[in-house]
Amino acid sequence: MEKNITVPLDHMVCRKLGYLTSWSLWENDYALSPTIILTIQLVVIFFTSRFVDVWLRQLGQTSIVSQIVAGIFLGPSLLGQNGEAARTLFPVEGYMTLATFAAFGNMFYHFLVAVKIDPIMILKPGRVAMYLAASAFSITMFFTFILALFMRKHIVMDPGMHNSIALIAMSQAFTGISVVSYLVNELKLQNTDVGRLALSVAVFSDALNILMVTLSFVAGVVRHHIIFIWAVFTTIGVVFFIVLVIRPVILITINRLPLGKPVDQKYVSYIILTTLFLGFISEVIGQHYIFGPSILGLVVPEGPPLGAALESRLETFVMGFLYPTYLAISGLQTNILEVKLKEMWIVGTVVAFGVVVRTVTLMSAGSYMNISLRDSFVLSMILSSKGILEISIYNFWIRNKILRQEEFSMCIISVVATTAIVTPLIRYIYDPTINSQPVKRNTLQHSKHDTELRMLVCIHNPENVPTIINLLEVSNATEDSPIAAIALVLVELAGRSVPILISNDTKSTRNETATVIATSHALKMYEQKNEGYTTVQSYTSISSYSTMHLDIFRTAIERRASILIMPFHKQWAIDGNVETISPSIRRMNCKVLEKAPCSIGILVDRGILKGTSNIPTIITKFNVVVIFLGGPDDAESLAYGARMARHESVKLTVIRFLLFGSENSIERKRDSELMFQYKQMNMGNERFLYVEEVVRDGVGLSQCIRKIVNLFDLILVGRYHQDSPLFLGLEDWSECPELGLIGDMLASPDFKMTASVLVIQQQRIRASKRESRALVVPEDNSWSITMDKNLK
């Protein structure tokens, strides 16, 4: 029943009885009801999803489970039992507005996922990925379809379930990149072999999904054969239009963009309008509205400039607001109270059977492709996860009356149940860092002096290059002890879904950046200057900072690095102030320090303050100091400094700080034995100077260090030191505890000096909880060094 209200034309409002309205505070009139309703709905969905997510995160669940469960709570299963509350918060009249808003979230989510995909992965998939994808898709679909036919014949079921069970069974074979990439990112597996393979398999599977889903959508809507044929041709026509017309326009636009400058907002607006237009066209020809936008996303080149710009400007709003709304509204349509036990048993059997078939298939195929059983099982669990792809399909089917409400509810419950089981299982059985745990000593201190020194240096930007090259130079490459320099350029992942680790020595220029070019040029100069004594290799890791440490570990292990050099997260300006601070780099450095497979040095680069922003040929003396207070990390610093002291242009000073009154301590005697060995090794070397300073407390230590730091170009210091009266009070002023007390003091902007600092941590064989907080000494306390009998 409707009620008409007679009001002036400029205040005319038509509404239905029972429709929630709001009294305007400033005008004695009713506010626009749809806006108020939509606002309240979005706020309630947002906070309910966040609340549920906080609790389910403790159980190892992903946010997709939390958002669907939040929708179920707000739907007829729980809130709907209170009729007045349900009619007030989610009235029938406001459903279409909320559904439209959620549909935009689904559309742009799939568009962004497609933007991040490299089409070459679909057109030219790897042999392993193609074999695994084809096997899992075809075998799972075949056997689940056979099971559905068997159950239809031998089990009595409702007509609706009888008609839809075959489609539900076939949908168990689907694996979408939109689902897999989301789960892989949540589990931080992007940089693992299993994660990369899962993404590659999912990309190729999506090509098979598109074919099957496209035909099912057309078949579900069109009943006449002639119209069916025309629907298929129009679908193909849309694809050709996007590839042959829209893609060339996009490429021409990208070529005209100014290099190094942000993409103009108007180009982003054009892409958004094109996405909406293709969504409309997809609906007109009988396809799902995500079809056209997904194809458009594939033809947009991934990464900078356009792909990265679209991600940076759309992702926050889409992923943080629109996308959760779509998941929640799917939960709102789910009524678990209407689900019958028998039908739940039927659907559960089909879903469980599909997971088992996929798992057995992938483990068998993985064994044939020489993939370990554990990795094959984890891969099958990742590819068995459910998400927005399946939800989109089920929503399309219920909208076109292919599914009834009961079957739809069971399908949504199956999505939640499958993902809720798979995700914690993967977290429990798979640790991505387990392969990076060291099993033998690989340090400078324990290395022979006539062996090759393998150094892995990480570079974030061109400003890191000069000091890194200078460090390689003073590391003293000789004929007896050459240097293998491995450079790893670290680039933040933007506009891509699949992280990559590639060699810069190939002729491809596709992923070249200014940092890659500067690094390659500098390494080439360094190799030419030390011809015969050095070998250089260069790689690029394009990944998110949250998982980039896995690429660093992988490169260090495969290249058998003895020491890993990481730039500090602060960068100095020429006036002596801190210019940039990167919290992401700091978090990554902490992860590397915790589980590095070799010794590691954090380089605090102040080279620009000395005017060494260019790569010099060292002629004058390069002054290096080792600050020695005792412990394995200081021993590693001493070993590195002793190697530098053999360079003809390096003058090394070792300053050993002694605590007054501790002459008889075991640690002091052990350090004295170690120091004696190094002094014996450098007997007759005028560039090796040893000094002892006796101090009483932290104040005296700090004052001594302040007096000497500006006399040197490079300071070497260990990261961890045992508790001592020398450090009392210093921890109260610590800004970067990951550097240790002395390293943090030297890296502080308040500590005015121009020397660069290398904070060194010796390789940890076994990690511990205390060690991750930089408060433990490695268990191996043998600090003896390998003597070279032929060394003069």
A student applying the Cα gyration tensor rule (rounded when a/c is under 1.5; otherwise prolate if a/b is larger than b/c, oblate if not) would label the stretch 265-329 oblate
Scoring only Lys, Arg, Asp and Glu (+1, +1, -1, -1) among other residues with Cβ under 12 Å from the Cβ of VAL416 yields 0
Starting from 0 in steps of 5 Å, tell me what percent of the Cα-Cα pairs of the stretch 355-438 lands in each bin.
3, 13, 19, 17, 15, 13, 9, 6, 3, 1, 0, 0
In the stretch 326-402, the trypsin sites (Lys or Arg not before Pro) that sit in a DSSP loop and have at most 10 other Cβ atoms within 10 Å of their own Cβ are LYS401
Listed here are the pairs LYS448/LYS651; LYS188/LYS524; LYS524/LYS651; which of them are more than 29 Å apart at the Cα?
LYS188/LYS524
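Taking 10 °C and 1.306 mPa s as the conditions, I'd like the Stokes-Einstein D for the stretch 47-191 in µm²/s, using the Kirkwood hydrodynamic radius from alpha carbon pairs. Let's see the in-between values first.
Values: Rh = 19.1 Å.
Rounded to a whole number, D works out at 83 µm²/s.
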When the accessible area of the stretch 536-595 is split by element with a 1.4 Å probe, what percent falls to carbon and sulfur?
49 percent
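So with the 1.4 Å probe, I'd like the accessible area per residue for the stretch 281-378, rounded to whole Å².
Details: 3760 Å² over 98 residues.
Here the residues of the stretch 281-378 average 38 Å² of exposed surface.
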Between the alpha carbon centres of the stretch 656-694 and the stretch 287-308 the gap in Å comes to 64 Å
I need the phi-derived Karplus couplings for the stretch 188-200: 6.51 cos²θ - 1.76 cosθ + 1.60, θ = phi - 60°, integer Hz, Gly and Pro marked x.
6, 10, 4, 9, 8, 4, 5, x, 5, 5, 4, 5, 5
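Between LEU78 and PHE142, what FRET efficiency comes out of the Förster formula 1/(1 + (r/R0)^6) with R0 = 51 Å and r the beta carbon distance, rounded to 0.05? Walk me through the numbers on the way to the answer.
Working: r = 39 Å, r/R0 = 0.76.
Efficiency at R0 = 51 Å is approximately 0.85.
Which of LYS529/LYS591; LYS386/LYS570; LYS621/LYS752; LYS116/LYS401 have a Cα-Cα distance over 30 Å? Spell out each step's value before the answer.
Values: LYS529/LYS591 35 Å; LYS386/LYS570 41 Å; LYS621/LYS752 22 Å; LYS116/LYS401 33 Å.
As for pairs spanning more than 30 Å Cα to Cα, those are LYS529/LYS591; LYS386/LYS570; LYS116/LYS401.
What number results when the radius of gyration of the stretch 655-707, computed over Cα atoms, is divided by 2.2 N^0.38 Å?
With N residues counted in the stretch 655-707, Rg over 2.2 N^0.38 Å equals 1.29.
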Give the long-range amide H neighbours of VAL626: residues separated by 5 or more places, or on another chain, with amide H under 5 Å away, using H modelled in the peptide plane at 1.01 Å from N.
THR653, VAL654, ILE655, LEU716
Diffusion coefficient, µm² s⁻¹, Stokes-Einstein with Kirkwood Rh over alpha-carbon pairs of the stretch 139-198 at 25 °C and 0.890 mPa s:
181 µm²/s
Using modelled backbone amide H atoms (1.01 Å from N, in-plane), which distant-in-sequence or interchain residues come within less than 5 Å of TRP572's amide H?
GLU579
May I ask you to evaluate 6.51 cos²θ - 1.76 cosθ + 1.60, the Karplus curve with θ = phi - 60°, for each residue of the stretch 272-287 and list the ³J(HN,Hα) values in order in whole Hz, giving x for glycine and proline?
4, 5, 5, 4, 5, 4, 5, x, 5, 4, 4, 5, 5, 8, x, 9
Convert each backbone phi in the stretch 731-743 into a coupling constant with the Karplus relation 6.51 cos²θ - 1.76 cosθ + 1.60 (shift: θ = phi - 60°), then list the ³J(HN,Hα) values in order as whole Hz, x for Gly and Pro.
5, 5, 10, 6, 9, 10, x, 5, 8, x, 5, 6, x
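In square nanometres, what is one fourth of the surface area of the convex hull spanned by the alpha carbons of the stretch 435-494?
On the way: hull surface 23.3 nm².
For the Cα atoms of the stretch 435-494, the hull's average projected area reads 5.8 nm².
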Could you work out how far apart the two model spin labels at ALA134 and PHE676 are, taking each label as a point 7 Å from the Cα in the direction of the beta carbon, and quote it in nm?
7.1 nm
Under-5 Å amide H pairs with LEU488, H placed in peptide plane, nonlocal only:
VAL457, CYS458, ILE459, TYR539
How far is it, in nm, from the label point at SER312 to the one at GLN405 when both lie 7 Å from their Cα along the line to the Cβ?
4.8 nm
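The values are calculated or read from the model by the stated rules, or taken from the named source; none is laboratory data. Note that this is a predicted model, so its numbers are computed, not measured. In this analysis, Cβ positions are derived from the backbone assuming ideal geometry, glycine residues included, and neighbour counts consider all displayed protein chains. SASA here: full protein model, heavy atoms, side chains in, ligands and nucleic acids out. Shrake-Rupley method; radii C 1.70, N 1.55, O 1.52, S 1.80 Å.
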